[in-house]
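**Q** Here you go, one structure.
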Amino acid sequence: MSRFINKKFQELEAYTPGEQPTDMKYIKLNTNESPFPPSQSVLKAISAEEVSKLNLYPDPTGNSLKDALAGLYGVERKNVFISNGSDDILNFFFMAFCNDDEHPVKFPSISYGFYKVYAELYGVKYKTVDLANDFSINIEDYFGNDANVVIANPNAPTGIALSRADVEEIVKANPDRVVLIDEAYVDFGAESSVALTKKYDNLLVVCTYSKSRSMAGARLGFAIGNEGLIADLEKIKYSTNPYNINRLTMLAGIAAIEDNEYYVNNCKTVAENREYTQNKLVELGFEVTPSKANFIFAKSERIDGEELYLKLKARGILVRHFTANAICQYNRITVGTREQMDKLLDVTADILNEKENSK
Ligand SMILES: *Cc1c(COP(=O)(O)O)cnc(C)c1O
């Protein structure tokens, strides 16, 4: 830290992304990327001709991409906001709607780590709400109409989802607050709340191309909501970075919608692989949460969470381990291809056997 940093950021603890090591080739099951490449339409859209236009700024309105998304989700252009990854939207949400006194925010104590970072970045008053013992969210904890609400649905890193009816209860109970539902993982088997945005002016649904649409490297997210909320986000965007989506990502985003069926099928495959892997892990003595996401959250009495993480890493398999007390016995394992999952299961079984035979 230099002596020049703004005093209010001196104590700020930044978000820690999942590791992306380059020392060897790993089976990467630690950042919930898709194991599948983008669709053919995306590969074709990024032509040499388009690359040669990179001397020009992208369209700051992003209307062609907004129209494609609006068509897919059955809403209008004015209900769609697009951004440089959905983290960008979370950032704008905290900037636009939360502050330190009359607009606090609450979110689950076990959830996506970035919510807390943004709250602290902007000096927002925030409250974290504990999950039940089984890691489920008790919706009544969010009924107060006394704070904005941020919930990942399915939640991370537990994978547990609320129903659309549950989300609606939360939205209805907070008529004077903004409820943000982060649907980063919704395409793997949970119910989307996008349809509710037509009925409620205080619901913002945030989505991303990073997980179900195989484009984590392109950085593209979007939000769907009432036109007033979207206009507020646009105001922040035009006050920070009007060209927040580059030309190639914009084209890739439109092209991906054309091949929607490819992505729907990939999500189905991932969901099948999730069920398969969970069942096998249970046979090995693991406990898993009922995940609707593209990851598994698992622990076993047979091995300490961190020990399993380190031993898998030593054998070329990366999973995500969190150190917070409530979840340090668990690992979050991204669901990959069937081959990757079989490898994970084989190596895990080996690790457990070796551990028990050496006693
Ligand atoms: C991955 C993830 C995001 C961020 O996605 P990007 O679009 O890549 O910025 C947001 N929320 C949750 C819960 C996530 O897991």
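The values are calculated or read from the model by the stated rules, or taken from the named source; none is laboratory data. Since this is a predicted model, take the numbers as computed values, not measurements. Reconstructed Cβ throughout: ideal geometry from the backbone, glycine too, with neighbour counts over all protein chains shown. For accessibility, only protein heavy atoms count, side chains too; no ligands or nucleic acids. Shrake-Rupley method; radii C 1.70, N 1.55, O 1.52, S 1.80 Å.
Rundown of residues vs (1) open to solvent by less than 60 Å² (accessible area, probe 1.4 Å); (2) under 23 Å from residue 137 (Cα atoms); (3) within 16 Å of the ligand (Cβ to nearest atom), yes/no style:
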site: 198; (1), (2), (3): no, no, no
site: 210; (1), (2), (3): yes, no, yes
site: 234; (1), (2), (3): yes, no, no
site: 252; (1), (2), (3): yes, no, yes
site: 255; (1), (2), (3): yes, no, no
site: 277; (1), (2), (3): yes, no, no
site: 282; (1), (2), (3): no, no, no
site: 302; (1), (2), (3): no, no, no
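**Q** I'm told residue 166 meets every condition in (1) farther than 20 Å from residue 99 by Cβ; (2) crowded, with 21+ Cβ neighbours inside 10 Å except one. Can you identify the failing condition by its number?
**A** Among (1) farther than 20 Å from residue 99 by Cβ; (2) crowded, with 21+ Cβ neighbours inside 10 Å, the lone unmet condition for residue 166 is (2).
**Q** Here's a follow-up. Could you pull out every one of the helices (runs of 4 or more DSSP H) wholly within region 196-313 that has 2 or more residues that are within 17 Å of residue 42 (Cβ to Cβ)?
**A** Counting at least 2 such residues, we get 247-258, 260-283.
**Q** For residues that are assigned to a loop (DSSP other than H, G, I, E, B) and hydroxyl-bearing (Ser, Thr, Tyr), scanning just region 33-44, find the one that is nearest to the chain's Cα centre (by Cα).
**A** 34
**Q** Show the residue pairs meeting these rules: Cβ distance below 7 Å; 6+ apart or different chains; first residue within region 201-224 and on the phi < 0 side of the Ramachandran plot; second residue of a type in the set (Asp, Glu) and more than 8 Å from the ligand (Cβ to nearest atom).
**A** 205/183; 206/183; 207/183; 212/187; 216/33
**Q** For region 21-41, enumerate the residues that are of a type in the set (Val, Ile, Thr) and more than 16 Å from the ligand (Cβ to nearest atom).
**A** Listed by number, the residues that qualify are 22, 27.
**Q** Okay, moving on. Of the residues that sit in region 9-42 and are modelled with pLDDT under 95 and of a type in the set (Gly, Ala, Ser), which one is surrounded by the most Cβ atoms within 10 Å (Cβ to Cβ)?
**A** That would be 18.
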